[in-house]
Amino acid sequence: MTQEQLTINEETGRLDKVVADAFDAYTRTQIGGFINDGALKVNDVVKKANYKVKPGDVITFDVLEPVELKAEAENIPLDIVYEDDDLLVVNKPQGMVVHPALGHANGTLVNALMYHTQLSSINGVIRPGIVHRIDKDTSGLLMVAKNDHAHEALTEQLKEKKNLRQYYALVHGEFKENQGTINAPLGRSKTDRKKQGVVAGGRDAVTHFEVVKRYVGYTLLRVTLETGRTHQIRVHMDYINHPVAGDPLYGPAKTLPGNGQYLHAATLGLTQPTTGEEMTFEAPLPTYFTDMLATLDPYHEDDK
């Protein structure tokens, strides 16, 4: 831990700007974070970012040394749907994080993959082999690159929108239409840093959906991604007032029991990087999902 200190002499203006100007190592956004966390104090008192500094003010804040994350191989069982010299397709269970991050240093899919095989180096030591990801509480198929050639080829396929990626999503509400398309740009939410949202000027995002089965109060959808933005299905479903059931971030507070959103990556299509073969893989709905569907009442026209 490093303790920084600044005594105000002739400096004037907002606290966050003055401190950021005084320390090249920290951005104004970082300084704002220290202030919001209560780690930065003026004369041992927490002040707001817009506090106007005065001569004689003593500003102090502690900075934790950065933790170097490193993925290590762990003997964790994997559900491997397909494997060759270039790639794997794995069926990730609900609850497993894809790659290490603060708070999830081990027990991730990457830790398990490293124990099983060699992975591409393109994404460094934290995300080796990871071409795309799905959320912790989303289950289903992921393609993983074993070498850099395969990684580059699979990444290009994603960029060119050549991969088939279909999900099953159990969402709130009953759809009148049988199919539809959501075309709404996505970006970080203006009000909550943890969320994505439909925002003007965001990245293009297109989601296609079709009704698989209707239940009382819920609908099972087959969702096809045209683009693959962060939380895309979850945000788009919330945007049309049909949030994914069980979603702790975008769904209602009172929803179906379970360990997260009822969202499963069921179908994945790709082109084998070396042979050029077109390949499609399927992962059936897992038990946590089918068990929940079995508790729901089917919707009938006379239920109106």
request  = Considering each of Ala150, Ala101, Ala145 in turn, give the residue that is surrounded by fewer than 23 Cβ atoms within 10 Å (Cβ to Cβ) and of a type in the set (Gly, Ala, Ser).
outcome  = Ala101
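Out of Met279, Met237, which single residue is in a strand (DSSP E or B), of a type in the set (A, V, I, L, M) and farther than 30 Å from Thr29 by Cα? Full working, then the answer.
Details: Met237 fails: in a strand (DSSP E or B).
Among Met279, Met237, only Met279 is in a strand (DSSP E or B), of a type in the set (A, V, I, L, M) and farther than 30 Å from Thr29 by Cα.
Examine the range 217-225 for a residue that is farther than 22 Å from Leu293 by Cα and out of contact with any Phe, Trp or Tyr (no Cβ under 7 Å at 6 or more places or on another chain), and state whether such a residue exists. Walk me through how you get there before you give the answer.
In the first step, residues of the range 217-225 are kept if they are farther than 22 Å from Leu293 by Cα; the result is 225.
Remaining after also requiring out of contact with any Phe, Trp or Tyr (no Cβ under 7 Å at 6 or more places or on another chain): 225.
Looking through the range 217-225, at least one residue is farther than 22 Å from Leu293 by Cα and out of contact with any Phe, Trp or Tyr (no Cβ under 7 Å at 6 or more places or on another chain).
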query = When the range 161-185 is examined, which residues are found to be of a type in the set (Ser, Thr, Tyr) and in contact (Cβ under 8 Å) with a residue 40 or more places away in the chain?
reply = Tyr167, Tyr168
note = Checked the range 153-201 for anything among the charged types (D, E, K, R), modelled with pLDDT of 90 or more and surrounded by 15 or more Cβ atoms within 10 Å (Cβ to Cβ); matches are Arg165, Glu174
request  = Would you check if there is a residue in the range 187-206 being part of a strand (DSSP E or B), among the polar types (S, T, N, Q) and out of contact with any Lys or Arg (no Cβ under 8 Å at 6 or more places or on another chain)?
outcome  = no
Search result, residues across the range 1-18 that are among the aliphatic types (A, V, I, L, M) and either assigned to a helix (DSSP H, G or I) or surrounded by 14 or more Cβ atoms within 10 Å (Cβ to Cβ) (or both) = Leu6, Ile8, Leu15, Val18
task = Out of Lys47, Lys52, report the one residue that is touching a Gly at 6+ places or on another chain (Cβ under 9 Å) and not assigned by TED's automatic domain parsing to the domain that holds Thr117.
result = Lys52
key: strands (runs of 3 or more DSSP E) contained entirely in the range 19-106, each with at least 2 residues that are touching a strand residue (DSSP E or B) at 6+ places or on another chain (Cβ under 6 Å) and more than 30 Å from Thr267 (Cβ to Cβ)   = 40-42, 58-63
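When the residues of the range 133-186 are narrowed to those that are in a helix (DSSP H, G or I) and hydrophobic (A, V, I, L, M, F, W, C), which ends up farthest from Phe209 (Cα to Cα)?
Step one: list which residues in the range 133-186 are in a helix (DSSP H, G or I), which gives 148-159.
Still in the running and hydrophobic (A, V, I, L, M, F, W, C): 150, 153-154, 158.
Working: Ala150: 30, Ala153: 28, Leu154: 24, Leu158: 19 Å.
The qualifying residue farthest from Phe209 (Cα to Cα) is Ala150.
Somewhere in the range 57-69, is a residue loosely packed, with under 14 Cβ neighbours inside 10 Å, at pLDDT 95 or above and under 30 Å from Ala22 (Cβ atoms)?
Here is the first cut: in the range 57-69, the residues loosely packed, with under 14 Cβ neighbours inside 10 Å are 58, 62, 64-68.
Narrowing further to those that are at pLDDT 95 or above: 58.
Those still in the list that are under 30 Å from Ala22 (Cβ atoms) too: 58.
Checked against the condition, which is being loosely packed, with under 14 Cβ neighbours inside 10 Å, at pLDDT 95 or above and under 30 Å from Ala22 (Cβ atoms), the range 57-69 yields at least one hit.
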key: For Val212: the one exception among (1) β-branched (Val, Ile, Thr); (2) surrounded by fewer than 16 Cβ atoms within 10 Å (Cβ to Cβ); (3) more than 25 Å from Val90 (Cβ to Cβ)   = (3)
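The values are calculated or read from the model by the stated rules, or taken from the named source; none is laboratory data. No experiment lies behind these values; they were computed from the predicted model shown. Quick reminder, even Gly has a Cβ in these numbers, built from the backbone with ideal geometry, and neighbours come from all protein chains shown.
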